[in-house]
1. How about region 278-359: which strands (runs of 3 or more DSSP E) wholly inside it have at least 1 residues that are of a type in the set (G, A, S)?
2. Sort out which residues of region 61-117 are assigned to a helix (DSSP H, G or I) and in contact with a Gly (Cβ under 7 Å, 6 or more places away or on another chain), and write them in order of number.
3. Restricting to region 242-254, count the residues that are under 19 Å from S357 (Cβ atoms) and either surrounded by fewer than 19 Cβ atoms within 10 Å (Cβ to Cβ) or under 32 Å from the mean Cα position of the chain (by Cα) (or both).
4. Would you call A166 farther than 19 Å from F31 by Cα, surrounded by fewer than 22 Cβ atoms within 10 Å (Cβ to Cβ), in the same structural domain as N17 (by the TED database) and touching a strand residue (DSSP E or B) at 6+ places or on another chain (Cβ under 7 Å)?
5. Of the residues that sit in region 194-241 and are part of a loop (DSSP other than H, G, I, E, B) and open to solvent by 40 Å² or more (accessible area, probe 1.4 Å), which one is nearest to K320 (Cα to Cα)?
6. If I filter region 102-119 for residues that are hydroxyl-bearing (S, T, Y), in contact with a helix residue (DSSP H, G or I) (Cβ under 9 Å, 6 or more places away or on another chain) and open to solvent by less than 50 Å² (accessible area, probe 1.4 Å), do I get at least one hit?
Amino acid sequence: MSNITCAHVDKSYGAINVIRDFNLDVADREFIVFLGPSGCGKSTLLRMIAGLEEISGGTVSIGGTAVNDLEPRDRGVAMVFQNYALYPHMTIYDNIAFGLKRMKVPKAEIDQRIKAVSATLGLEPYLSRKPTELSGGQQQRVAIARAMIKTPKVFLFDEPLSNLDAKLRHHMRVEIARLHQKLQTTTIYVTHDQLEAMTLADRIVLMKAGAIEQVGSPAEIYERPRTLFVAGFIGTPNMNFIDVTAASDGNGWLLKGEGKDIRISGGDFDLKAGQKIVLGVRPPDLVRVEGEGGNVLSGIADLIEFHGNDALVTFTIAGKEVGALCKASSCPKSGDVVHFSFDEARLHLFDAGTGLSLRRA
């Protein structure tokens, strides 16, 4: 078993507390992604699990054994870094074999294991080359091979694709996903790229200022964000936010905003009269319609961003920019008056003071 448990983990640098009471259970063979903005503590947490950072408080356990006092080499983990950290004077074969040679593994076994891992990652043609003769993606595969060959209980990835261009990032993302499907090794992956998180993770741990903001599957976090921060961080293009005030309206609710009032039944939300609310709706959930009426957001198309099959139309309501996705083949022109409706089931409502979702459990 290679489950990981973080129990009340803290990390401080002097008087500065960067990780606060972090609690998480990672199941055996699970692929977990730590996601969040720069400086939220995700890489620091990963390094504490690896043993590269001292734990200020709490316990980290791997396979049921507390590892706080164990050296990195004794934890059964292998880590892949953002920079490839390859030895430039060594061949690819020697780079991959380096750790095993230090462990005094017999040469015949090293050859056998390198043959297996290089076949898995498509590195057989490059074993006699030096790192400078390889592309960035190939060098990253070498770094992964060097980690794989130790047959670790846990893989740790610290923003491994940040140095690659967009096309190569996509290619390597697919390779890492396939590798996990094949090896089924417990994996924790750190990134600030939500696309990587959404496509790779079994569960996402979204972090903010050293604490967990929400844990869930990619679908759960996208469809049911617990906080305003989560709603704004997840999703491309970004969710639209409109400030409104709740007012009881017979059997339903009136959400009163500058330039637009919106009527909803409110059955899915816990609302109070006079409550200050942030209404959220994602650009793909806005549907272009002809003419005003009902819950329709209208404005003058200010900016059209071509995304290929789709186009992002930006318009303004009472000084607030709103974005809507529509088919590029039928998108309006800049300066056109546009109207977009939405389904109440696709709305998100957050308390303006606490930032917490008002959706009923």
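1. Passing ranges, in order: 296-306, 310-317, 320-327, 337-341.
2. Within region 61-117, the first condition is being assigned to a helix (DSSP H, G or I), and the residues that meet it are 72-74, 92-102, 107-117.
Correct list: P72 only.
3. Within region 242-254, residues that are under 19 Å from S357 (Cβ atoms) and either surrounded by fewer than 19 Cβ atoms within 10 Å (Cβ to Cβ) or under 32 Å from the mean Cα position of the chain (by Cα) (or both) number 4.
4. no
5. So, considering only residues that are part of a loop (DSSP other than H, G, I, E, B) and open to solvent by 40 Å² or more (accessible area, probe 1.4 Å), the one nearest to K320 (Cα to Cα) is N238.
6. yes
For every residue, the table says whether it meets (1) modelled with pLDDT of 90 or more; (2) of a type outside the set (S, T, Y).
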position: N68; (1), (2): yes, yes
position: R73; (1), (2): no, yes
position: N83; (1), (2): no, yes
position: I92; (1), (2): yes, yes
position: R102; (1), (2): no, yes
position: T120; (1), (2): no, no
position: Q138; (1), (2): no, yes
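The values are calculated or read from the model by the stated rules, or taken from the named source; none is laboratory data. All of these numbers come straight from a predicted model, not from anything done at the bench. Here the Cβ is made from the backbone with ideal geometry for all residues, glycine too, and neighbour counts use every protein chain on show. We work out accessible area using only protein heavy atoms, side chains counted, and drop any ligands, DNA or RNA first. Shrake-Rupley method; radii C 1.70, N 1.55, O 1.52, S 1.80 Å.
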